[in-house]
Structures are given as C-alpha cells and as structure tokens.
1. When residues of the stretch 1-55 are filtered for being of a type in the set (Phe, Trp, Tyr) and in contact with a helix residue (DSSP H, G or I) (Cβ under 6 Å, 6 or more places away or on another chain), how many remain?
2. Determine, yes or no, whether residue 62 is of a type in the set (Lys, Arg) and farther than 15 Å from residue 135 by Cβ.
3. If I go through the stretch 81-132 residue by residue, how many of them are under 20 Å from residue 146 (Cα atoms) and acidic (Asp, Glu)?
4. Is the stretch 81-95 home to any residue that is within 15 Å of residue 21 (Cα to Cα) and without any contact (Cβ under 8 Å) to a residue 12 or more places away in the chain?
5. Are there any pairs with C-beta distances below 7 angstrom linking a residue in the stretch 35-58 that is within 19 Å of residue 11 (Cα to Cα) to a residue that is among the small types (Gly, Ala, Ser) and surrounded by 20 or more Cβ atoms within 10 Å (Cβ to Cβ), with the two at least 6 apart or on different chains, and if so which?
6. Condition (residue is closer than 17 Å to residue 47 by Cβ and of a type outside the set (Asp, Glu)) applied to the stretch 108-116: is it met by at least one residue?
7. Between a residue in the stretch 125-140 that is closer than 14 Å to residue 41 by Cα and any residue that is surrounded by 14 or more Cβ atoms within 10 Å (Cβ to Cβ) and among the aromatic types (Phe, Trp, Tyr), which pairs come within a Cβ distance under 8 Å, given they are 6 or more apart or on different chains?
8. Against the definition (over 17 Å from residue 120 (Cβ atoms), in a helix (DSSP H, G or I) and among the small types (Gly, Ala, Ser)), how does residue 12 come out, yes or no?
Amino acid sequence: MSEKKSGEELLAEIYRNTQYALTSIADILPETEHAPLREELLRMHEGYEQVCSKAAACAKDRGVELKEPNALKKAMMWGSIKMNALKDDSRAHIAEMMTQGTVMGITALTRSIGDAKSCADEEVLSLAEDLLHLEEGYEKRLKEYLE
C-alpha cells in the first residue's frame, strides 16, 4: 500500500514532471527534421511551460520551495536522447522516444493523484489533472507519428 502524498509533494511532482518534459523536448528538437512532428513538439513545449508556470505560482502562493530536477539525471537524459537520435533520427523513432517519456509521466502522475486525493487541496489536484489530460492528449497525438 502506498503512503498518502501531500499537496506539496504533488505540486513538486507536477513541477518536476514538466521540467523533465521541457528538457526532453529541448534536447530532441534539434534532431527532429520532420516539420509536422517539430510543430507538435513545440505545441507540447508550450503546454508544459504553461503548467510549469502555474505550478511555480501555486507553490509561491503556498510558500513551498520547488527544487530543480537533478542535474545528473538531466545530463543522462540528454545523453540518452542524443545517442538514440544518432542511431535513428526517423520521425517514428523520435515519436516513440517522446511517447515513452509521456507514458512514464502519465503513470507516475496517475499514481500520485490517487495517493494525494484525500490530502491535497482542490487547486493542486486540478493542476495535476490538467497535466494528466495534457499528457494523455500528447500520447495520442504522438502515436500518429509512429506509423
């Protein structure tokens, strides 16, 4: 049985999730030559930025200090993305890499929302749900590039 998550922990997870997504998109964009997929990645970046800003504002209102994501993990993600794209920079492979990251985010967020339902406030839960729906939409649209 998982322990309950506080609203602060959920807020930190929303922020961390969006930061990793923004980093991944920024890392993969230079490797993406397929124009429609580039446009989709730019739309995703904008969506993640909006949620990230809301999470930061929400944390500030509550006096919660959000930590930046682990620099080593970000560097490892960058290396992994660059190596994967070097092996195969096709539209389908890039979409597959982004889909995998999105699915990981959806899974973690779904679990965290369930863990925080009874102790996080409405605003934080609503922001988490917004991010979840955003990622589910991204996953669906990215799958179109797998074919």
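The values are calculated or read from the model by the stated rules, or taken from the named source; none is laboratory data. Bear in mind the structure is a predicted one, so any value in this text is a computation, not a measurement. Because the Cβ atoms are built from the backbone with ideal geometry, glycine has one as well, and the counts that use them run over all protein chains shown.
1. Final tally of qualifying residues: 2.
2. Yes, satisfied.
3. Qualifying residue count, the stretch 81-132: 3.
4. no
5. Sorted first by the residue in the stretch 35-58, then by its partner, the pairs are 48/21.
6. yes
7. From residues that are closer than 14 Å to residue 41 by Cα, the pairs are 134/48.
8. No.
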